[in-house]
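Read the structure below first, then the notes.
The values are calculated or read from the model by the stated rules, or taken from the named source; none is laboratory data. The structure displayed is predicted, hence computed values, not measured ones. Counting neighbours? That spans all protein chains shown, and the Cβs are built from the backbone with ideal geometry, glycine included.
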Amino acid sequence: MEKKKVLVIDNDESVRVFLKVKLEKTGNYSVVALEDGKSVISKVHAFKPDIILLDLIMPTLGGIEVCDMLNNDPIGKAIPIIILSCLYEGIIIISISPVTTFSIASSLSSAVGI
């Protein structure tokens, strides 16, 4: 089975390392990590990820701006994005794009244990 390619974009090195190690340890994923979104378009074109894990709050270029860049790119706009961000201590925001009724229901089911 071919490994799925995951692009992680997060300014926190510990998060990047954690996600890379945990995902690659499963044997199902190949992970490339960026500390900011400045080179996201060139990386997307070179790596061709199946999915992007994106931090929302980053110092130089925020997750919203990265999403805008990806949505304006013919390759980038086809890649699903999961936004992982801790806005307040203990509150983690997870958003899946493109949003579908199934993705919302699946996320809710996971969160409440259904």
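Miscellaneous remarks
- Residues in the stretch 45-56 that are at pLDDT 90 or above, surrounded by fewer than 20 Cβ atoms within 10 Å (Cβ to Cβ) and of a type in the set (A, V, I, L, M, F, W, C): ALA46, PHE47, ILE51.
- Count of the stretch 1-58 residues, restricted to those that are without any contact (Cβ under 8 Å) to a residue 40 or more places away in the chain, under 15 Å from ILE75 (Cα atoms) and among the hydrophobic types (A, V, I, L, M, F, W, C), is 4.
- The set of residues from the stretch 16-44 being surrounded by fewer than 17 Cβ atoms within 10 Å (Cβ to Cβ), out of contact with any strand residue (DSSP E or B) (no Cβ under 6 Å at 6 or more places or on another chain) and β-branched (Val, Ile, Thr) comprises VAL17, VAL21, THR26, ILE41.
- Filtered residue count, the stretch 19-56, keeping only those that are touching a Cys at 6+ places or on another chain (Cβ under 8 Å) and among the β-branched types (Val, Ile, Thr): 0
- The set of residues from the stretch 31-57 being in a helix (DSSP H, G or I) and among the polar types (S, T, N, Q) comprises just one member, SER42.
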